[in-house]
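These notes are about the structure you will find just below.
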Amino acid sequence: SIMPAVLSAISNGARKGILFKSGYQLEMLSDARVVAFDKTGTLTQGKPKVTDFLVFQEMARDELLAAVGSIESLSEHPIAQAIVRFAQKTKEKWSRPSELQAITGWGVKAKYQGEIWRIGKPKMFGNMDGEISQVVEKMEQEGKTVVLVEKTGKVVGLIALQDTVRPEAKAIVQQLKQMGLKVAMLTGDQQVTAEAIAKEVGIDLVYSDCLPEDKVSIVKDLRERFGKVVMVGDGVNDAPALATASIGVAMGGAGSDVALETADLVLMNDDLDRIPQVLRLGKRVQRIVK
Ligand code: ADP
Ligand code: MG
């Protein structure tokens, strides 16, 4: 049976927008050692905006933009949605790709007007022209996510996007550290971008270029090294890691259905402030129960 203290903590949590799926998690929370955050949509707002669009080959800007818009309009990734918004002005020129393939964690591949197109993270294209990789590096150092556009084997363009760090993120990381917890960040983004954002919020344990299964093995590793791990995420790609963590926490507002279903605990208003609160709640309950 559920102890009165646990019950009261659950209802107390609900009033603050924290949804517990069972009382069992509360006790787990009391001896958490690590809080691992996903980056996109969790530490950041998850609504990237295009900041730069560069064309490398002799090709009309609008023509390239129309191709990119046509292809990305079939992808659901937040990056794709931002690119589609940016390319909107060329919409009369869009046509449907004849084939489209999502490459999880990397980008998309499509057949469009007889050419093979790939749009995705720079690493997908192997070693590149020195000048292009310098531009990429510079933008990534500013915390931007860069995607390249390739047309039948040639990189023809670059799109940079910036996502806003949640205003409360930095203070929350600091509070968690003061509570003696280790704080980590896990992301599918490239290393330079990941480190720039991590620095902005004060996280020094950073894992970049993570596929969903990498997030799982990192959570397992953190559990072995430090103890109980709280994982906070929003995306479909976070769900397996949320399931692996001692406690999975999903962002309730922006979160995908899969993340909500998998998590043990849901932050109803995407309010990161609730994380340190929840951990304190766990400790209080443990003191009362013991
Ligand atoms: P995360 O949400 O943590 O960044 P993802 O696995 O969703 O992780 O994506 C990893 C990277 O793959 C993105 O940062 C982006 O560079 C690239 N990517 C994924 N989907 C697309 C897409 N539709 N268009 C362009 N790039 C993409
Ligand atoms: Mg995310």
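The values are calculated or read from the model by the stated rules, or taken from the named source; none is laboratory data. These numbers were taken from a predicted model, which means no experiment stands behind them. We place every Cβ from the backbone using ideal geometry, glycine too, and count neighbours over all the protein chains shown.
In segment 106-141, how many residues are within 17 Å of the chain's Cα centre (by Cα) and not in a strand (DSSP E or B)?
Quick first cut of segment 106-141, residues within 17 Å of the chain's Cα centre (by Cα) only: 106-107, 120-121, 140.
Still in the running and not in a strand (DSSP E or B): 106, 121, 140.
Selection size over segment 106-141: 3.
Quick test for you: out of GLY202, GLY227, GLY235, pick the one residue that is in the same structural domain as GLN191 (by TED's automatic domain parsing) and either at pLDDT below 95 or under 24 Å from GLY120 (Cα atoms) (or both).
Details: GLY202 fails: either at pLDDT below 95 or under 24 Å from GLY120 (Cα atoms) (or both); GLY227 fails: either at pLDDT below 95 or under 24 Å from GLY120 (Cα atoms) (or both).
Going through GLY202, GLY227, GLY235 in turn, the sole match is GLY235.
With in a strand (DSSP E or B) and either closer than 23 Å to PRO276 by Cβ or not hydrophobic (A, V, I, L, M, F, W, C) (or both) as the only criterion, which of VAL173, VAL149, VAL183, VAL155 stands out?
Details: VAL173 fails: in a strand (DSSP E or B); VAL149 fails: either closer than 23 Å to PRO276 by Cβ or not hydrophobic (A, V, I, L, M, F, W, C) (or both); VAL155 fails: either closer than 23 Å to PRO276 by Cβ or not hydrophobic (A, V, I, L, M, F, W, C) (or both).
Testing whether each residue is in a strand (DSSP E or B) and either closer than 23 Å to PRO276 by Cβ or not hydrophobic (A, V, I, L, M, F, W, C) (or both) leaves just VAL183.
Quick check, is ALA80 surrounded by 14 or more Cβ atoms within 10 Å (Cβ to Cβ), within 16 Å of ligand 1 (Cβ to nearest atom) and in contact (Cβ under 8 Å) with a residue 24 or more places away in the chain? Reasoning before the result, please.
Working: surrounded by 14 or more Cβ atoms within 10 Å (Cβ to Cβ): yes; within 16 Å of ligand 1 (Cβ to nearest atom): yes; in contact (Cβ under 8 Å) with a residue 24 or more places away in the chain: yes.
So ALA80 passes the test.
Starting from segment 10-39, keep only residues that are buried (at least 16 other Cβ atoms within 10 Å of the Cβ), then list their pairs with residues that are among the charged types (D, E, K, R) and at pLDDT below 80 whose Cβ atoms are within a distance under 7 Å, requiring at least 6 positions of separation or different chains.
Between residues of segment 10-39 that are buried (at least 16 other Cβ atoms within 10 Å of the Cβ) and residues that are among the charged types (D, E, K, R) and at pLDDT below 80, the close pairs are SER30/LYS283.
Conditions (1) of a type in the set (Lys, Arg); (2) in the same structural domain as VAL68 (by TED's automatic domain parsing); (3) more than 16 Å from ligand 1 (Cβ to nearest atom), marked per residue:
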{"site": "LYS123", "(1), (2), (3)": "yes, yes, no"}
{"site": "GLY130", "(1), (2), (3)": "no, yes, yes"}
{"site": "THR193", "(1), (2), (3)": "no, no, no"}
{"site": "ALA198", "(1), (2), (3)": "no, no, no"}
{"site": "VAL206", "(1), (2), (3)": "no, no, no"}
{"site": "SER217", "(1), (2), (3)": "no, no, no"}
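Scan segment 216-257 residue by residue and report those that are closer than 18 Å to THR40 by Cβ and assigned to a strand (DSSP E or B).
Hits for segment 216-257 are MET231, VAL232, GLY233, GLY248, VAL249, ALA250, MET251.
Scanning for something touching a Gly at 6+ places or on another chain (Cβ under 8 Å) and hydroxyl-bearing (Ser, Thr, Tyr), does segment 213-229 turn up at least one residue?
no
Kindly establish whether ILE10 is part of a helix (DSSP H, G or I) and at pLDDT below 95. Please lay out each step first, then the result.
On the way: part of a helix (DSSP H, G or I): yes; at pLDDT below 95: yes.
Yes: the conditions hold for ILE10.
Quick grid of which residues meet (1) in contact with a strand residue (DSSP E or B) (Cβ under 8 Å, 6 or more places away or on another chain); (2) surrounded by fewer than 21 Cβ atoms within 10 Å (Cβ to Cβ):
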{"residue": "VAL68", "(1), (2)": "yes, no"}
{"residue": "GLU92", "(1), (2)": "no, yes"}
{"residue": "ARG96", "(1), (2)": "no, yes"}
{"residue": "LEU100", "(1), (2)": "yes, yes"}
{"residue": "ALA110", "(1), (2)": "yes, no"}
{"residue": "GLY130", "(1), (2)": "no, yes"}
{"residue": "VAL136", "(1), (2)": "yes, no"}
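Scan GLN57, GLN81, GLN88 and give me the residue that is under 21 Å from ASN237 (Cα atoms) and not assigned by TED's automatic domain parsing to the domain that holds ALA254.
Values: GLN57 fails: under 21 Å from ASN237 (Cα atoms); GLN88 fails: under 21 Å from ASN237 (Cα atoms).
Exactly one of GLN57, GLN81, GLN88 is under 21 Å from ASN237 (Cα atoms) and not assigned by TED's automatic domain parsing to the domain that holds ALA254, namely GLN81.
Pull up segment 174-195, narrow it to residues that are without any contact (Cβ under 8 Å) to a residue 60 or more places away in the chain and crowded, with 18+ Cβ neighbours inside 10 Å, then point me to the one that is nearest to ligand 2 (Cβ to nearest atom). So that I can check it myself, show each step before the final result.
If we filter segment 174-195 for residues that are without any contact (Cβ under 8 Å) to a residue 60 or more places away in the chain, which is where we start, we get 174, 177-178, 180, 191-193, 195.
From the residues that got through so far, the ones that are crowded, with 18+ Cβ neighbours inside 10 Å too are 192-193, 195.
On the way: VAL192: 18, THR193: 14, GLU195: 17 Å.
Result: THR193.
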